[in-house]
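Read the structure below first, then the notes.
The values are calculated or read from the model by the stated rules, or taken from the named source; none is laboratory data. Just so it is clear, the structure is predicted and the values come from calculations on it, not from any experiment. Neighbour counts run over all protein chains shown; Cβ positions are idealised from the backbone, glycine included. Quick note on the areas: whole protein, heavy atoms, side chains included, nothing else; ligands and nucleic acids left out. Shrake-Rupley method; radii C 1.70, N 1.55, O 1.52, S 1.80 Å.
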Amino acid sequence: MEAPGPLSAKYEGSFAYYTVKDRMPQILTKVIDTVHRNKHKFLEAHGEEGIEAEKKALSFFSKLRNEMQTNKPILPLSDQLPDTQIWNQYLDYQRTLLSDGDEPSWFRSPWLYVECYLYRRIQEGLFLSPPISDFDVFREVKNESFFQSQQAMFALCTHLQELKGRMNSLSKDKVRDEIYKLVQVSLWGNKCDLSISGGQNNSQKTSVLASLEDFKAFILVDDMTSVWNILSKNRDGNMESRTRVDFVLDNAGFELVTDLVLADAMLSLNLATEVHFHGKVMPWYVSDTTKHDFDWTLKQCLAVNHKWMSKCGETWKENLKKGRWVYHEHLFWTLPHEYCTMAEVAPDLYTELQKSDLVLFKGDLNYRKLAGDRRWDFTVPFSQALRSFHPAPLCSIRTLKADIQVGLPEGVGERLTASETDWLTTGKYGVIQFSPVV
Ligand code: F6P
Ligand code: MG
């Protein structure tokens, strides 16, 4: 991927500025604790070198926490990773947003940038501490959250297998109802991210399926009809027609399993012919899915002592082998850039997404990047907030955890603000929000 030139003026606007959220230092404290607790593992794997690396990483992270808490200037990255130059150019771009002489700093730069920067700096700290550079500081919590959600996953996998058992007898309307259910499960699965909880366990303990009707009132935008119109075309079309659906993944653990179940149902119910998944190239926002998490999840599903979940694992492995499922990685997903810059910054990824019939963007961070984390009025149309990011028809499936929401009917945002001050940030509400290519 080429580093882009300076970003053009069309990307400027009113960013959401925040002071550093409490959970950012909290996340760094957990990182420090995790590295320290794994000291013996490093010793076992690398001898004294491992201990030296642990010390080096700890001192890097303590310094980083101090920089953050005392509002020090944002520093350029000093590692030599493929995205280092792009990050440093983005820092130059941030400088252009400030008046002369002011330096971007932890409290004075847009939250989206600073928060992404934190996760990238964590990676820098590890990269500069070989031989533990590949250590995923969030793996323990991701795995723990997976195991704690197992009962809910069993229920979901059982539901899927039962659905597949009777799929030939389903009417078109029934297929639509079933896929709608699984889209909602995938939506509420997005409550389970570990960054909103500062890395504390936030797993799904009970089956969501039984509660879908009760949760419907909390879906503020429901564009399922538009999603269905695309998916049903494949079912109605001739045998040669191909429908590609892309998932821009969010969290590992329960949410990932809900996505895999939805993707499986799409193929089985003849609504899609291929599904592509996009994951992160480095540990990100605590629980986001990396290639390792994806593979690990499939292995766990396959090996588990539960008939229907292991059946799912088998099918999913086969889907990947046969190319019906494809996993992609791209550096762009772990850059701070909003998605309207993708065509310029990562044209290859933009071209890849253009091959899709429907791109599903999972989760809150994707939503913030889609809409640029700007202070939009609640009624601004979603397609407008995307600012020319239209690689394919797309849909955001997201529970609200950040102070941004567009595309609401007149008065809804204001009414919610008057009755529940934190409605934008608790994950209680959700959207299934669609944009055609405009
Ligand atoms: O730290 C806050 C945040 O950026 C919020 O946007 C959200 O709570 C979380 O991180 C990420 O959520 P998601 O996993 O849904 O993208
Ligand atoms: Mg996430």
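Nearest 0.05, what FRET efficiency do E329 and D136 give at R0 = 22 Å with Cβ-Cβ as r? Result of the calculation: an efficiency of 0.90. Taking amide hydrogens as placed 1.01 Å from N in the peptide plane, the amide H of Y429 sits under 5 Å from those of L400, each at least 5 positions away in sequence or on another chain. Remark on segment 50-112: hydrodynamic radius 13.3 angstrom, per the Kirkwood mean of 1/r across alpha carbon pairs. Computed 3J(HN,Hα) for segment 340-345, one whole-Hz value per residue from the Karplus formula 6.51 cos²θ - 1.76 cosθ + 1.60 where θ = phi - 60°, is 5, 9, 4, 4, 8, 7, glycine and proline marked x.
A simple rule links phi to the HN-Hα coupling: the Karplus curve 6.51 cos²θ - 1.76 cosθ + 1.60 with θ = phi - 60°, which for segment 103-112 gives 9, x, 9, 4, 8, 10, 10, x, 4, 4 Hz, with x for Gly and Pro. For the chain, relative contact order (Cα pairs under 8 Å, six or more residues apart, normalised by length) works out to 17 percent. Principal axis extents of the C-alpha atoms in the chain (largest first, rounded to whole Å): 65, 54, 44. When a 1.4 Å probe is rolled over the protein heavy atoms, the share of accessible surface on segment 162-435 that falls to carbon and sulfur comes to 50 percent.
Remark on segment 248-386: Rg and Dmax equal 16.1, 50 Å (Cα only). For R375 and S169, a Förster radius of 35 Å and the Cβ-Cβ distance give a FRET efficiency of 0.10, rounded to the nearest 0.05. Oblate is the label for segment 283-325, because the ratio a/c of its alpha-carbon gyration tensor axes (a ≥ b ≥ c) is 1.5 or higher and a/b is not greater than b/c. Shape analysis of segment 72-140 yields a ratio of the Cα radius of gyration to the Kirkwood radius, Rg/Rh, of 1.02. Taking amide hydrogens as placed 1.01 Å from N in the peptide plane, the amide H of D288 sits under 5 Å from those of A252, each at least 5 positions away in sequence or on another chain. Less than 5 angstrom separates the built amide H of H328 from those of F277, H278, G279, all sequence-distant by 5 or more or on a different chain. The mean accessible area for residues of segment 162-435, using a 1.4 Å probe and ignoring ligands and nucleic acids, is 36 Å² per residue. Within segment 217-303, the GluC sites (Glu not before Pro) that combine a DSSP coil assignment with at most 13 other C-beta atoms in a 10 angstrom radius are E240. Each principal axis of the Cα cloud of segment 366-438 was taken in turn, and the coordinate range along them, longest first, works out to 37, 21, 19 Å. Surface composition of segment 13-127: carbon and sulfur atoms hold 52% of the protein heavy-atom accessible area at a 1.4 Å probe. Compactness of segment 13-127 was expressed as the Cα radius of gyration divided by 2.2 N^0.38 Å, which yields 1.18.
Scalar couplings 3J(HN,Hα) for segment 134-150, obtained by applying the Karplus form with A = 6.51, B = -1.76, C = 1.60 to θ = phi - 60°, are 8, 5, 8, 5, 9, 4, 4, 6, 5, 5, 4, 5, 4, 5, 6, 9, 4 Hz; x denotes Gly and Pro. Accessible surface computed residue by residue for segment 50-154, with neighbouring protein chains in place and a 1.4 Å probe, gives 41 Å² per residue.
Distance between the 7 Å Cα→Cβ label points at R235 and H46: 5.2 nm. Taking L209, L77, L170 as the candidate residues, the one with maximal mean-square fluctuation in a Gaussian network model of the chain, Cα springs under 10 Å, is L170.
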